[in-house]
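Participant: I'd like to ask you about the structure that follows.
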Amino acid sequence: MSAAPVGVIRGDKDGVLQAPQQTPQDPRLLGRDVRRIAFSETELRARVAELGADITAAYPEGDLLVLGLLKGSFVFLADLVREIRLPLHVDFLVASSYGESTVSSGDVKLVYDPETVLEGKHILLVEDIVDSGKTLHKLMHLLSGRAPRSIEICALLHKRIAKELAHPVRFVGFDAPNEFLVGYGLDHAENFRHLPYVASLR
Ligand code: PRP
């Protein structure tokens, strides 16, 4: 008797045919295999709530301007601001640094400049991931020139390999492995930003 083809159909001891136990492929992954889930949806939710509480405690006067760096920060920022119990405004920046390359050129330009006046504001710059740190280094220099009252960085993930970032990242969600990560805003060729978890792909 030949063995049943793997993954097709099996009969149990009572002779009842049952569907095989298979992990359904997440259609959002476009057929790619997850090497590992670096940060699950549950872990992200819990840590974002803690960050929101830390930020709330750090700005007793309120009047915060949360500046999200697009596109990567959009999911994190949307969850984070709902955990901050303060009056605040939200605006966005779009910077170009990587172009077609996978390595930051370090030549950071503002493609979209926030309409909000930055002078005199407590600015919280929100970033999805600090990799080489070149993007944030250049942006901090640029934004500091606009005379904000204070400026701090909140990053969901920090690879801790940035050599060029002069300004410390005050609020960090997680130290991140030095792997190519996608999900929760992070992309590969614009895919996977909508995954509710952070994963590295095979
Ligand atoms: C990614 C990421 C950070 C930056 C980090 O942005 O969102 O902004 O790179 O890299 P660095 O620390 O080496 O400068 P990307 O330019 O890919 O744009 P995106 O946010 O639209 O994905």
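Participant: Of the peptides 133-145, 80-92, how do they stack up when ordered by the mean number of other Cβ atoms within 10 Å, highest first? Could the numbers behind the result be given before it?
Facilitator: Working: 133-145: 18.6, 80-92: 16.2.
Sorting 133-145, 80-92 by mean packing, highest first, produces 133-145, 80-92.
Participant: Simple spin-label model, 7 Å along Cα-to-Cβ: E83 to S40 in nm?
Facilitator: Going by the 7 Å Cα→Cβ label model, 1.6 nm.
Participant: Right, here's the next one. Could you sort L70, L64, L201 by their accessible area in this structure, using a 1.4 Å probe and putting the largest first?
Facilitator: L70, L201, L64
Participant: Can you list the aspartates and glutamates whose alpha carbon sits under 19 Å from that of K159, skipping same-chain ones fewer than 8 residues off?
Facilitator: E43, E127, D128, D131, D175, E179, D187
Participant: Right, something else. Quick check for you: with a 1.4 Å probe and neighbouring chains kept, what is the accessible area per residue of the range 48-202, in Å²?
Facilitator: Details: 7380 Å² over 155 residues.
Result: 48 Å² of accessible area for each residue.
Participant: Which stretch or stretches of the range 160-202 have amide N atoms under 19 Å from the point lying 7 Å from R28's Cα along the Cα→Cβ direction?
Facilitator: Output list for this probe position: 174, 180-202.
Participant: A further question follows. Can you list the lysines whose alpha carbon sits under 26 Å from that of K121, skipping same-chain ones fewer than 8 residues off?
Facilitator: The reachable lysines, counting only those whose Cα sits under 26 Å from K121, are K71, K109, K134, K138.
Participant: Once phi is turned into θ = phi - 60°, what whole-Hz ³J(HN,Hα) does the Karplus curve with 6.51, -1.76 and 1.60 give for every residue of the range 160-176, x standing for Gly and Pro?
Facilitator: Ordered by residue, 3J(HN,Hα) equals 6, 10, 5, 9, 9, 8, 6, 8, x, 8, 6, 10, 10, x, 9, 6, 10 Hz.
Participant: Whenever you get a sec, compute what percent of the accessible area on the range 50-176 sits on carbon and sulfur atoms (1.4 Å probe).
Facilitator: Numbers: 3230 of 6230 Å².
Heavy-atom surface of the range 50-176 belonging to carbon and sulfur, 1.4 Å probe: 52 percent.
Participant: Mind giving me the FRET efficiency for S200 and E119? R0 is 25 Å, r the Cβ-Cβ distance, nearest 0.05 is fine.
Facilitator: The calculated FRET efficiency here is 0.05.
Participant: Once you have a ≥ b ≥ c as the square roots of the Cα gyration tensor eigenvalues for the range 57-202, tell me rounded if a/c is under 1.5, and otherwise prolate or oblate according to whether a/b is larger than b/c.
Facilitator: Working: a/c = 1.69, a/b = 1.35, b/c = 1.25.
Cα axes put the range 57-202 in the prolate bin.
Participant: Label points 7 Å out from Cα along the Cβ direction at V90 and D187: separation in nm?
Facilitator: 1.9 nm
Participant: Report the label-to-label distance for K71 and D107 in nanometres (one decimal), using points 7 Å from each Cα along the Cα→Cβ vector.
Facilitator: 2.3 nm
The values are calculated or read from the model by the stated rules, or taken from the named source; none is laboratory data. Predicted model only: the values in this text are computed from it and were never measured. Every residue, glycine among them, receives a Cβ derived from its backbone with ideal geometry; neighbour counts consider all protein chains shown. When the accessible area is computed, the model is the full protein with side chains, heavy atoms only, and any ligands, DNA or RNA have been set aside. Shrake-Rupley method; radii C 1.70, N 1.55, O 1.52, S 1.80 Å.
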